[in-house]
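The values are calculated or read from the model by the stated rules, or taken from the named source; none is laboratory data. Nothing here was measured: the structure is a model prediction, and the numbers come from that model. Cβ placement follows ideal geometry from the backbone for every residue including glycine, while neighbour counts extend to all protein chains displayed.
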């Protein structure tokens, strides 16, 4: 269980408490430098300031550095994907994600939050109906602005939006989100005897609604009852990654209140980032919750898992390697950082792929190296994100697959962009899509 000691920055006293708790974590780092070998940002820039050890050196004198140049400190801290590669490979077991989250909260608490981020985190994400309405309008109006970039990958580009999107190749928005299409769902357990709360997550709900549809199809096929209230909100990771712990707590509390109303056995999501955030970061703010919320968080985090983990480890679906068809499609698999390094889920997605007779799994080099998306990192450091993504693309094409499979919607978006920009006719799919396609109906 992660430390439950992240205070909510606001007053000077709270900032001081946050700084002191940060100091207690920094002493564990031995400066061994092993993080260099696995850091995707350092792998592109070879700058000491971009690797974990360099950032920790900065944080040891954080108060002085922030007073001297808060914007520079903020930029250096945000040149990080929060992929967890350094923490997963740290011989000292330093809780690096905890350190970076606290440091970003301290800097955001000191310098304040930008108007656009404040608007998104505090006035859009907490209101699902408004969020659905705006994405729906955008989905309807986007047509004239988009030009197909790669039909097989499923991407478009928009010259008129280049000032905002740059050179990105993007998937088009659906006209209706998954949650708008289904509203509230509350079905009883069937033959499985189990009921789950389905947490679609923002990206699988608004952009890749097909992932949520595939998840729902798989659950229905196995007789799993589904509870999905219409008023679920963002899991909070965009706000937390930007240091806005106030917005994060607001989103978390809303979700806790909604989910605590129902009885279910597991909380399941097709978004590895959502699952990792709920299990790792929701408990970090125990001091800010009510006593009732604390009990609910303990219960929810224990029940949370990725859809592939649920299918294999709980439902015990048949993962016997299938006899491959003569025309089996050659696919490769990318280990999403939050899925493997945070949740420890790596064997289950592969087991699903290998069990399907229509697919032959071929491993790529560096399958678990970060693809470079990192959420807001992709928005504010796209050049670096693209360089990291290019290395992943090169590893993918080296095994000549007909498709690439992953377990995270953010990775899905990044891989589509990279493959499309390189004119690679290689579609990208989520594991649960392959599995759902194999089911009747």
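On the given criteria, is residue 321 under 22 Å from residue 86 (Cα atoms) and over 21 Å from the mean Cα position of the chain (by Cα)?
no
If residue 166 satisfies every condition in (1) surrounded by fewer than 17 Cβ atoms within 10 Å (Cβ to Cβ); (2) free of Cβ contacts under 8 Å to residues at least 60 places away in the same chain but one, which is the exception?
(2)
Taking residue 193 as the residue in question, decide whether it is on the phi > 0 side of the Ramachandran plot and either out of contact with any helix residue (DSSP H, G or I) (no Cβ under 7 Å at 6 or more places or on another chain) or buried (at least 20 other Cβ atoms within 10 Å of the Cβ) (or both).
Yes; evaluated as a whole, the condition is true for this residue.
Which of the residues spanning segment 344-363 are at pLDDT 95 or above, assigned to a loop (DSSP other than H, G, I, E, B), touching a strand residue (DSSP E or B) at 6+ places or on another chain (Cβ under 8 Å) and surrounded by fewer than 22 Cβ atoms within 10 Å (Cβ to Cβ)?
Correct list: 362, 363.
Name the residue, out of 32, 39, that is on the phi < 0 side of the Ramachandran plot and in contact (Cβ under 8 Å) with a residue 60 or more places away in the chain.
Residue meeting the stated conditions: 32.
Residues that are more than 30 Å from residue 435 (Cα to Cα) and either at pLDDT below 95 or touching a helix residue (DSSP H, G or I) at 6+ places or on another chain (Cβ under 9 Å) (or both): find the helices (runs of 4 or more DSSP H) completely inside segment 238-337 holding 2 or more of those.
In segment 238-337, 245-259, 291-303 are the helices (runs of 4 or more DSSP H) which contain 2 or more residues that are more than 30 Å from residue 435 (Cα to Cα) and either at pLDDT below 95 or touching a helix residue (DSSP H, G or I) at 6+ places or on another chain (Cβ under 9 Å) (or both).
Inspect segment 117-126 for any residue being in contact with a strand residue (DSSP E or B) (Cβ under 6 Å, 6 or more places away or on another chain) and surrounded by 13 or more Cβ atoms within 10 Å (Cβ to Cβ) and give the result as yes or no.
No, segment 117-126 contains no residue that is in contact with a strand residue (DSSP E or B) (Cβ under 6 Å, 6 or more places away or on another chain) and surrounded by 13 or more Cβ atoms within 10 Å (Cβ to Cβ).
Which one of 174, 144 is more than 24 Å from residue 279 (Cα to Cα) and without any contact (Cβ under 8 Å) to a residue 12 or more places away in the chain?
Result of the check over 174, 144: 144.
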